[in-house]
1. Just add up the charged neighbours of residue 153: K/R +1, D/E -1, any other residue whose Cβ is under 15 Å from the Cβ of residue 153.
2. Taking 30 Å as R0, compute the FRET efficiency from the Cβ-Cβ separation of residue 8 and residue 90 and round it to 0.05.
3. Which far-off residues, 5 or more places away or on another chain, put their amide H under 5 Å from the one on residue 62, with H placed in the peptide plane?
4. How large is the helix-only mean residue ellipticity at 222 nm for the chain, computed as the sum of -39500 (n - 2.57) over DSSP H runs with n ≥ 4, divided by its residue count, in deg cm²/dmol to the nearest 500?
5. How many Å² of accessible area per residue for the chain, probe 1.4 Å?
6. Taking 8 Å as the Cα distance limit and 6 or more residues as the minimum spacing, I'd like the relative contact order of the chain as a percentage.
7. In region 122-176, what GluC sites (Glu not before Pro) fall in a loop by DSSP, with at most 10 other Cβ atoms inside 10 Å?
8. Would you work out which of 123, 11, 81 lies farthest towards the positive end of the dipole of region 1-148, given +1 charges on the beta-carbon of Lys and Arg and -1 on that of Asp and Glu, about the Cα centre?
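The values are calculated or read from the model by the stated rules, or taken from the named source; none is laboratory data. Just so you know, these numbers come straight off a predicted model, no measurement behind them. Because the Cβ atoms are built from the backbone with ideal geometry, glycine has one as well, and the counts that use them run over all protein chains shown. Only protein heavy atoms, including side chains, enter the accessible area calculation; ligands, DNA and RNA are left aside. Shrake-Rupley method; radii C 1.70, N 1.55, O 1.52, S 1.80 Å.
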Amino acid sequence: MDIEILQADITALAVDAIVNAANSALCGGGGVDGAIHRAAGPGLLAECRALPEIEPEVRCPTGQARITRGCRLHARHVIHTVGPVWGGGHDGEADLLASCYRESLRLAEDNNIDSIAFPAISCGVYGYPVESAAPVAVATLREWAQTHERPRRVILCCYDARTTTVFREALGNGGD
Ligand code: AR6
């Protein structure tokens with residue numbers, strides 16, 4: 001697996017799938033979720049709403065993932081995952097965050113997706129410190145790659161310079 005850190009707007013990436021840091025209702029929101037829905041057009045919300053509810057307004061519990069088409073995006077698919085809200089780190093946040101990456105990779109593999117881009121899940125509104133989140137992301141990708149062929153190319157798409165630096169350090173590319 002080729003892992004790359006890129007500072008970019010994830011909605012502009014021409015990859016097979018982009019990952020959305022969504023909420024459990026999968027009904028759109030702010031941050032990267034809002035940007036993805038704006039770029040994909042109203043068809044994306046319709047696809048999300050068509051996914052079954054596990055309980056009222058819960059289509060995707062924290063740590064899980066769901067897949068839709070990409071609608072007007074360059075990406076053929078959107079994989080929606082729900083990261084944990086940071087509560088100090090003693091409430092299983094790291095396991096739930098790792099699960100987001102793993103379950104997204106699983107859906108990618110099941111759908112023959114070769115290239116996938118992740119945003120910094122939970123590192124915005126949900127308050128997960130990027131210094132803690134980046135090593136979890138990188139370790140989970142590397143662990144997956146030990147036993148799976150797909151996806152072959154993973155982009156960790158960071159929006160701002162600080163997040164990019166922290167993810168590069170986690171990947172061991174700090175000096176590049
Ligand atoms: N491309 C790449 N990354 C982005 C973009 C973009 N266009 N826009 C923001 N980011 P957040 P969360 C970065 O808040 O913390 C939503 O309202 C951002 O700088 O989008 O998982 C959902 O509906 C940050 O580093 O997601 C949920 O309610 C990262 O994406 C809630 O926010 C994640 O920030 C989810 O919160």
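1. In short, -2.
2. 0.35
3. Under 5 Å from the amide H of residue 62: no residue qualifies.
4. The helix contribution divided over the chain gives -11500 deg cm²/dmol.
5. Details: 8190 Å² over 176 residues.
Normalised by residue count, the accessible surface of the chain is 47 Å².
6. It rounds to 30 percent for the chain.
7. Loop-located and lightly packed - 149.
8. 11
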